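Quick notes on the structure that follows.
Taken together, the values in this text are just the output of simple stated rules run on the coordinates, not laboratory data. Small disclaimer: the values here were computed from a predicted structure and weren't measured. Counting neighbours? That spans all protein chains shown, and the Cβs are built from the backbone with ideal geometry, glycine included.
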Amino acid sequence: MTSSELETPPLDTARRLAEDGDLDGAAAILAELASAPGGPDVAQAAVGLAVVLDQRGDVDGARAAARTALATGHPEFAAQAACHLAQGFEREGRYGQARGAWQAVLGVGTPAYVPLAHLALARLAVETGEYDEAETELRAAIDAGDATTARRGDGQGAVGDAPRDSGHHAADGERRHAGQTVGGAHVGQAGAGVRQGSSQAGHSGADVGQAGHSGADVGQAGQSGADVGQGGADVRVHAIQQLADLLMERGEPGEAAEVLLDGLEDAGGDDAARLRVQLGIAHLELACAEFAGAVEDDGEAQTTALAVELLARTLPLRGRADDADQVWAYGLNHEDETLASEVRLRYDRG
């Protein structure tokens, strides 16, 4: 063995072996380091061992190693270990255990990982139909992402800063018309169409939820805090998108628009483009709610006919052509002959 090989740190040797496909050799070195009482590399080695054992198919051994790293409380490697545990449980559909592991990430408190954990907890809440909890976690992810960005920008910043106004002051008109129907068409609430139209413009929560695991890779352990921290802005944008989706699905497009406008204040490039598209979708949903409200206000015939036309022509933009047909039918067959005639004129002109 050459002198340079003798001087190579064991972690680097384990990394090289893992990269060369010698998982057994890497595991042996990492296991020895992870079991050294008071050793300086226990946390990092345990995370690397968890990854190697996972790759070998030893799920139980991998989780034991991850728990060893988590128990150290190391701000970087304990957070990585908790992410590793959480993602494994999610893959198996064990959402209760996954939730506990993501909460452990929050317990470690490393700022770079906090937004990621909140976003993952929101995803789990949606899986179990706990939408109020999902909204709370998404707002927490946004606030934590703001704090992480601030820390990167000036080298400090308090994660515990008071959260910004989360935009609960939706317009009265939005709340009044949310969930209304015209001619049997449900027009005041976005429903599943919003998720199809806007979530796909960006990235899903599952995509972001995988980011924490990459840092636990044997070849990257010890570097992921910077990587995840640099991705904090991405996590924040994803949280904004998902919160806007959720609010629109719950019939609150005005509040969704507020969230998106707030996000656009410091977004750029592709992020800004995605948020603008989603903001346009929110405005379409809000427009539909207002048009529906105008129809139900039962005003003068010309105004109501205009509202019917605008509603019927806007709904197809949201993929809701059947609802548009019902709105046209409502106007064309209205008992008020003057209104029906006005709607007919608008319908015939295409």
(request) For R313 and H283, calculate 0.36 nm times their separation in residues minus their Cα-Cα distance, and state this gained length in nm to one decimal. (result) 9.3 nm
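Viscosity 1.306 mPa s, temperature 10 °C: what is the translational diffusion coefficient of the stretch 235-306 from Stokes-Einstein with a Kirkwood Rh over Cα pairs, rounded to a whole number of µm²/s?
Translational D for this selection: 121 µm²/s.
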(request) Please work out how much length the chain gains when fully extended from D60 to R276, using 0.36 nm per residue of separation minus the C-alpha to C-alpha distance, in nm with one decimal. (result) 73.3 nm
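Based on the mean of other Cβ atoms within 10 Å per residue, sort peptides 48-59, 330-341 so the most packed one is first.
Packing order, densest peptide first, comes out as 48-59, 330-341.
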(request) Subtracting the Cα-Cα distance from 0.36 nm times the residue separation, let me have the gained length for L332 to A28 in nm, one decimal. (result) 101.7 nm
(request) Using only the Cα atoms, work out Rg/Rh for the stretch 298-350, with Rh taken as the Kirkwood radius, to two decimals. (result) 0.96
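If packing is taken as the average count of other Cβ atoms within 10 Å, what order do 280-287, 21-28 fall into, highest mean first?
Details: 280-287: 21.6, 21-28: 17.0.
The peptides rank, most packed first, as 280-287, 21-28.
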(request) Find, to one decimal place in angstroms, the Kirkwood hydrodynamic radius of the stretch 241-350, where the mean of 1/r is taken over every pair of different Cα atoms and then inverted. (result) 15.1
